[in-house]
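Undergrad: Just dropping this structure here.
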Amino acid sequence: LVLCGQRDGLNMIEVDAQEAPEALVADGVATGLKAIQQVCEMIDELVQKAGKPKVMPEIEQDEGGRLAAEIESRYGGQIRQAYQLTHKAERMAALKEIRRLQTEEYFPADGSREPVCGVSLFKRVCETVEKKIVRATILDEHKRPDGRGLEDIRPIHCEVGLLPRAHGSALFTRGETQALVSATLGTGRDEQTVDGLLEEYGQRFMLHYNFPPSSVGEVRMIRGPGRREIGHGALAEKALQQVIPEEEQFPYTIKLVSDITESNGSSSMASVCGGCLALMDAGVPIRMPVAGISIGLISRDDRYVLLTDILGDEDHLGDMDFKVAGTEKGITAIQLDLKRRILPFEIMQEALERARRARLDILKQMTAVIAQPREKISIYAPRIITIKIDPEYIGKVIGPGGAMVRGIQEQTGSRIEIEEDGTINISCMGGEGHLEAKGIIEAMTTPPQVGRIYEGAKVVAVKEFGAFLEISPGVEGLCHISELSDGYVRTVEDVCKVGDVVPVKLISIDEQGRFKLSRKAALAELGREDPVAKDADARPKEKGHKHSRSRR
């Protein structure tokens, strides 16, 4: 909780919380405000000792006051009507027409009238008149520009899974503000490396916010993200960070991209809602759904009204944009943008409660579309499994110059990431390569156990008396010809050849540490049919033939 303020109120609030209840946040703000008041007293003491008298600039009175009264009397009714139009495009078109009429009257093209002031001052006066009329309409008549009540939320529409190739996607629409959010899952190698103040660190959850000019009907050159885009993305990321699962539970790097397709206020909070839906669509096991809402303020002297889910005009012409995001349990992020001198503590408390009620309503509509994260991730996302080995075996798994781990990756088509504590993340795109790599690594790092079945044993040599198989890298054993099959085996090559992969069971280890393997025992325990034995039973027996001949 970061606060800035004065003796009688707040200027700025930033909150990063783990589902903190509103009462707890309010207590924290009250405690911080007391500390701010103490600091203000210390500053006053310093001013008394070392300060100098303030020099206030003299503001010259111009003709703006008379001009504003004249414009309000002539165009005030039209401005009120324009700001009562529900749709933004209609409202902007009506205001554009009013401004054209104003310009033609006070700056006629034929020069029939002497300009009363400069163009720049005229524009400022017209904006001041519009602001005064809109604020008075809201404060005195409780009429908002789009006709909603003070606590009404704009119509909400949610949709998930609309991008078939994305690992997760969502479209969140609230009134004329819309965010298309896509979720991408990656491996540990996809983490963003951040140059921290003291050291580098990896970031496994990212949210990027894009605000193209087309979202507000403008045509401009598209450049890199500015401070606004970076700030909005950081706020939405902070709001969702608290519900992201730990790496041990979900070993993926997660990236959200929020593209604002249309905007009429609160696009950062739309990114929070859309990001939450996209995470659930991607199968990310978030702890709780998250939603966000913006609360506005219109005030004059001691009177004020709070506005739920503010429009762009209400943000531009109002006194406050109080963004609050959280779950059913509590708050995860807050950001206060204030345009008046201070925000009294009591108004802040009321805004928190107003945001809580709105947030619960939005969450109800979101969970009606997708109530919980999907059980399975997208077929296009990498498959990751995590295993833990004794750190002493790390060198064995890596091999000389990395030869062993590279060989496993090439053989299985997987990607292997090894950490110093023995944690190994294995991933692959499609197929079962990650499971094959897991089996190889476990075989390498687990001491051979009598009774264990090795399904990936590879034949490395064939002799008359049996076959030598590698049950794990560097570990070989003998499967005697009598242990190859229950049926008659004429030669070892009838059952297996060098390079074949067959299942075997470790049936004993002699005093010299030699491993005795059995193919027939492995097949019997796995419940698989032995084709060699089947062929032997079907073959006609030769006269005088003895199946029990000695095999030495």
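The values are calculated or read from the model by the stated rules, or taken from the named source; none is laboratory data. Remember, predicted model here, so these are calculated numbers, not experimental data. Because the Cβ atoms are built from the backbone with ideal geometry, glycine has one as well, and the counts that use them run over all protein chains shown.
Undergrad: Just for segment 400-429: of the residues that are closer than 17 Å to residue 456 by Cα and among the hydroxyl-bearing types (Ser, Thr, Tyr), which one is surrounded by the most Cβ atoms within 10 Å (Cβ to Cβ)?
TA: Only one residue tops the list, namely 414.
Undergrad: Can you tell me which residues in segment 1-33 are in a helix (DSSP H, G or I) and more than 25 Å from residue 339 (Cβ to Cβ)?
TA: Matches in segment 1-33: 23, 24, 27, 31.
Undergrad: Could you give me the residue pairs with C-beta distances under 6 Å whose first residue belongs to segment 132-157 and is in a loop (DSSP other than H, G, I, E, B), whose second residue is crowded, with 16+ Cβ neighbours inside 10 Å and of a type in the set (Gly, Ala, Ser) wherever it lies, and which are 6+ apart or on separate chains?
TA: Correct list of pairs: 153/358; 154/175.
Undergrad: Output the residues belonging to segment 266-317 that are within 30 Å of residue 372 (Cβ to Cβ), among the hydrophobic types (A, V, I, L, M, F, W, C) and part of a loop (DSSP other than H, G, I, E, B).
TA: Once the filter is applied, which keeps residues that are within 30 Å of residue 372 (Cβ to Cβ), among the hydrophobic types (A, V, I, L, M, F, W, C) and part of a loop (DSSP other than H, G, I, E, B), segment 266-317 yields 282, 284, 286, 288, 290.
Undergrad: Quick check: anything in segment 398-411 in contact (Cβ under 8 Å) with a residue 24 or more places away in the chain, within 30 Å of residue 188 (Cα to Cα) and either among the aliphatic types (A, V, I, L, M) or assigned by TED's automatic domain parsing to the domain that holds residue 498 (or both)?
TA: Within segment 398-411, one or more residues are in contact (Cβ under 8 Å) with a residue 24 or more places away in the chain, within 30 Å of residue 188 (Cα to Cα) and either among the aliphatic types (A, V, I, L, M) or assigned by TED's automatic domain parsing to the domain that holds residue 498 (or both).
Undergrad: Let me ask something else about it. Can you list residue pairs whose Cβ atoms sit under 9 Å apart, with the first residue in segment 435-462 being at positive phi and the second being in a strand (DSSP E or B)? Count only pairs 6 or more apart in sequence or on different chains.
TA: Note: pairs meeting the criteria are 451/505; 451/506; 451/507.
Undergrad: Does segment 349-368 include one or more residues that are assigned to a loop (DSSP other than H, G, I, E, B) and of a type in the set (A, V, I, L, M, F, W, C)?
TA: yes
Undergrad: In this structure, is residue 79 aliphatic (A, V, I, L, M), assigned to a helix (DSSP H, G or I), in contact with a helix residue (DSSP H, G or I) (Cβ under 6 Å, 6 or more places away or on another chain) and farther than 18 Å from residue 135 by Cα?
TA: No.
Undergrad: Of the conditions (1) in contact with a Ser or Thr (Cβ under 9 Å, 6 or more places away or on another chain); (2) crowded, with 20+ Cβ neighbours inside 10 Å, residue 357 fails just one. Which one is it?
TA: Result: residue 357 passes all but (2).
Undergrad: If residue 366 satisfies all but one of (1) of a type outside the set (D, E, K, R); (2) surrounded by fewer than 22 Cβ atoms within 10 Å (Cβ to Cβ); (3) modelled with pLDDT of 95 or more; (4) in contact with a strand residue (DSSP E or B) (Cβ under 9 Å, 6 or more places away or on another chain), what's the number of the condition it fails?
TA: (2)
Undergrad: Could you check how many residues of segment 291-319 are farther than 22 Å from residue 11 by Cβ and of a type in the set (D, E, K, R)?
TA: Of the residues in that region, 2 qualify.
Undergrad: Also: Looking at segment 467-474, is at least one residue under 34 Å from the mean Cα position of the chain (by Cα), modelled with pLDDT of 90 or more and either among the aliphatic types (A, V, I, L, M) or part of a strand (DSSP E or B) (or both)?
TA: No, there is no match, as no residue in segment 467-474 is under 34 Å from the mean Cα position of the chain (by Cα), modelled with pLDDT of 90 or more and either among the aliphatic types (A, V, I, L, M) or part of a strand (DSSP E or B) (or both).
Undergrad: Right, something else. Condition first: touching a helix residue (DSSP H, G or I) at 6+ places or on another chain (Cβ under 6 Å) and not β-branched (Val, Ile, Thr). Now tell me which residues in segment 484-518 satisfy that.
TA: 484, 485, 486, 487, 488, 503, 505, 518
One line per residue, one yes/no per condition, for (1) assigned to a helix (DSSP H, G or I); (2) of a type in the set (Lys, Arg):
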{"site": "38", "(1), (2)": "yes, no"}
{"site": "43", "(1), (2)": "yes, no"}
{"site": "54", "(1), (2)": "no, yes"}
{"site": "65", "(1), (2)": "yes, no"}
{"site": "73", "(1), (2)": "yes, no"}
{"site": "104", "(1), (2)": "yes, no"}
{"site": "116", "(1), (2)": "no, no"}
{"site": "120", "(1), (2)": "yes, no"}
{"site": "124", "(1), (2)": "yes, yes"}
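Yes/no matrix, rows are residues, columns are (1) farther than 21 Å from residue 335 by Cα; (2) touching a residue at least 60 places away in the same chain (Cβ under 8 Å); (3) not assigned by TED's automatic domain parsing to the domain that holds residue 324; (4) not in a loop (DSSP other than H, G, I, E, B):
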position: 164; (1), (2), (3), (4): yes, no, no, no
position: 169; (1), (2), (3), (4): yes, yes, no, yes
position: 179; (1), (2), (3), (4): no, yes, no, yes
position: 185; (1), (2), (3), (4): yes, yes, no, yes
position: 193; (1), (2), (3), (4): yes, no, no, yes
position: 198; (1), (2), (3), (4): yes, no, no, no
position: 202; (1), (2), (3), (4): yes, no, no, yes
position: 208; (1), (2), (3), (4): no, no, no, yes
position: 233; (1), (2), (3), (4): no, no, no, yes
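Undergrad: Follow-up question, since we're still on this one. Has segment 178-189 got any residue that is surrounded by 17 or more Cβ atoms within 10 Å (Cβ to Cβ) and charged (D, E, K, R)?
TA: No; the residues of segment 178-189 include none that is surrounded by 17 or more Cβ atoms within 10 Å (Cβ to Cβ) and charged (D, E, K, R).
Undergrad: Looking at segment 502-526, which of its residues are touching a Pro at 6+ places or on another chain (Cβ under 8 Å), under 17 Å from residue 449 (Cβ atoms) and not small (Gly, Ala, Ser)?
TA: Matches in segment 502-526: 506, 509, 515, 526.
Undergrad: Now for a separate question. Is it the case that some residue within segment 183-193 is touching a Lys or Arg at 6+ places or on another chain (Cβ under 8 Å), of a type in the set (Gly, Ala, Ser) and at pLDDT 90 or above?
TA: The answer is yes; a qualifying residue exists.
Undergrad: Please determine, by comparing only the residues of segment 512-545 that are at pLDDT below 60 and part of a helix (DSSP H, G or I), which one is farthest from residue 487 (Cα to Cα).
TA: Only one residue fits best here, namely 538.
Undergrad: Consider residue 70 against the criteria (1) of a type in the set (Asp, Glu); (2) at pLDDT 90 or above; (3) exposed (fewer than 12 other Cβ atoms within 10 Å of the Cβ): it satisfies all of them except one. Which criterion is unmet?
TA: Single failed check for residue 70: (3).
Undergrad: Given the residues 153, 230, which is the only one that is hydrophobic (A, V, I, L, M, F, W, C), under 18 Å from residue 293 (Cβ atoms) and surrounded by fewer than 19 Cβ atoms within 10 Å (Cβ to Cβ)?
TA: Only one candidate passes the filter, namely 153.
Undergrad: Which ones in segment 404-448 are β-branched (Val, Ile, Thr) and in a strand (DSSP E or B)?
TA: Correct list: 416, 418, 423, 424, 426.
Undergrad: Let me ask something else. Mind telling me which of the residues 271, 266, 294 ends up being at positive phi and buried (at least 24 other Cβ atoms within 10 Å of the Cβ)?
TA: Step by step, each of 271, 266, 294 is checked, and only 266 is at positive phi and buried (at least 24 other Cβ atoms within 10 Å of the Cβ).
Undergrad: Follow-up question, since we're still on this one. With the requirement that a residue be closer than 20 Å to residue 190 by Cα and exposed (fewer than 15 other Cβ atoms within 10 Å of the Cβ), what does segment 430-455 give you?
TA: Selection gives 430 alone.
Undergrad: Another question about this same structure. Is there a residue in segment 320-342 that is out of contact with any helix residue (DSSP H, G or I) (no Cβ under 6 Å at 6 or more places or on another chain), assigned to a strand (DSSP E or B) and polar (S, T, N, Q)?
TA: Within segment 320-342, not a single residue is out of contact with any helix residue (DSSP H, G or I) (no Cβ under 6 Å at 6 or more places or on another chain), assigned to a strand (DSSP E or B) and polar (S, T, N, Q).
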